[in-house]
Ligand SMILES: [Mn+2]
């Protein structure tokens with residue numbers, strides 16, 4: 001069986017894929033895990049992460065696709081997955097397309113890993129400590145360490161069981177959230193130095209021009225999570241980070257908001273997308289040109 005998940009994988013994507021692979025091992029089903037990208041630095045601790053390959057070694061007859069709502073998000077693994085002929089899809093997103101011959105979708109589940117946990121318990125699977133850590137990683141990351149509204153009583157109950165099976169919650173929180181590369185922290189200093197606060201302190205944003213990246217030797221990957229740092233201001237309702245990580249004239253923006261403020265809608269005029277409280281877009285212009293466009297749209301969103 002060939003297991004895959006979405007490109008730029010997060011903790012739920014890789015935790016689910018590796019847990020499924022370990023489960024199939026336990027029932028002696030030959031399997032491989034592929035993904036468009038290898039594990040990002042904060043998920044390199046995942047047990048058996050070296051199983052994740054960019055291409056399969058052989059042809060398989062059945063694909064198991066996890067944490068994915070549209071086939072485009074398979075990236076370069078799409079051909080190999082479609083070559084399998086049949087596909088089982090397990091996911092918790094609101095479906096855009098409905099890929100898969102067998103679909104196990106629960107949009108109320110906080111994580112794909114939670115759906116797998118239910119499934120493995122129902123099958124009386126033998127849960128190894130490694131499997132438990134993979135499943136727990138998916139649930140912990142998709143619930144923001146049980147801080148988001150999607151944290152249900154069931155997710156805490158099942159996570160308690162995963163702890164009993166040897167899942168390492170301390171390791172997960174430390175590796176995912178508390179071991180940043182030095183470049184990320186140096187970029188954070190620039191973010192705070194360059195930060196501007198507008199609209200009665202409700203809008204906090206910052207810019208990272210190309211020079212900041214070259215000075216530090218940082219790349220786009222090191223900006224992960226930085227936009228959230230400006231949401232720690234108690235008055236902030238929207239935070240935004242504009243950055244120019246590679247060549248000039250390619251600017252990325254990440255935007256976060258609280259409550260009912262829909263920043264995905266605000267970014268639609270720039271071809272952006274995402275969720276109500278977490279969205280992004282790209283500008284093909286200089287960062288100096290992009291900044292006033294984005295700021296105007298976000299001010300409008302706050303009624304200014
Ligand atoms: Mn997920």
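For the reader, a short list of remarks on this structure follows.
- Among helices (runs of 4 or more DSSP H) entirely within the range 102-168, having at least 1 residues that are touching a helix residue (DSSP H, G or I) at 6+ places or on another chain (Cβ under 7 Å), closer than 27 Å to residue 86 by Cα and more than 14 Å from the ligand (Cβ to nearest atom) singles out 112-122, 129-142.
- For residue 179, the criteria (1) modelled with pLDDT of 95 or more; (2) not in a helix (DSSP H, G or I) hold in every case but one, which is (1).
- Cβ-Cβ distances below 6 Å connect the following pairs, each with a first residue in the range 91-105 that is farther than 16 Å from residue 20 by Cβ, a second residue that is within 12 Å of the ligand (Cβ to nearest atom), and a separation of six or more residues or different chains: 93/69; 94/107; 95/69; 96/69.
- Residue match in the range 67-86 (condition: part of a loop (DSSP other than H, G, I, E, B) and away from the ligand (no atom under 16 Å from the Cβ)): yes
- Selected residue (criterion: nearest to the chain's Cα centre (by Cα)) from residues of the range 215-260 that are under 12 Å from residue 277 (Cβ atoms) and surrounded by fewer than 19 Cβ atoms within 10 Å (Cβ to Cβ): 228
- Test for residue 89: is it in a helix (DSSP H, G or I) and at pLDDT 95 or above: no
- Across the range 187-214, the number of residues qualifying as surrounded by 17 or more Cβ atoms within 10 Å (Cβ to Cβ) and in a helix (DSSP H, G or I) comes to 7.
- Annotation: residue 196 fulfils all but one of (1) outside the structural domain of residue 126 (by TED's automatic domain parsing); (2) within 19 Å of the chain's Cα centre (by Cα); the unmet one is (2).
- Scanning the range 6-21 for residues that are within 14 Å of residue 38 (Cβ to Cβ), more than 9 Å from the ligand (Cβ to nearest atom) and touching a strand residue (DSSP E or B) at 6+ places or on another chain (Cβ under 9 Å) yields a count of 4.
So that you can scan it fast, the table gives a plain yes or no per residue for (1) at pLDDT 95 or above; (2) surrounded by fewer than 17 Cβ atoms within 10 Å (Cβ to Cβ); (3) within 30 Å of residue 181 (Cα to Cα):
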| residue | (1), (2), (3) |
| --- | --- |
| 26 | yes, yes, no |
| 46 | yes, no, yes |
| 52 | yes, no, yes |
| 61 | yes, yes, no |
| 64 | yes, no, no |
| 79 | yes, yes, no |
| 108 | no, yes, no |
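- Residue within the range 119-138 that is touching a strand residue (DSSP E or B) at 6+ places or on another chain (Cβ under 8 Å) and either surrounded by 14 or more Cβ atoms within 10 Å (Cβ to Cβ) or within 13 Å of residue 19 (Cβ to Cβ) (or both) present: yes
The values are calculated or read from the model by the stated rules, or taken from the named source; none is laboratory data. Quick caveat: nothing in here was measured; it's all calculated off a predicted structure. For neighbour counting, all protein chains shown are included, and Cβ atoms are generated from backbone atoms with ideal geometry for every residue, glycine included.
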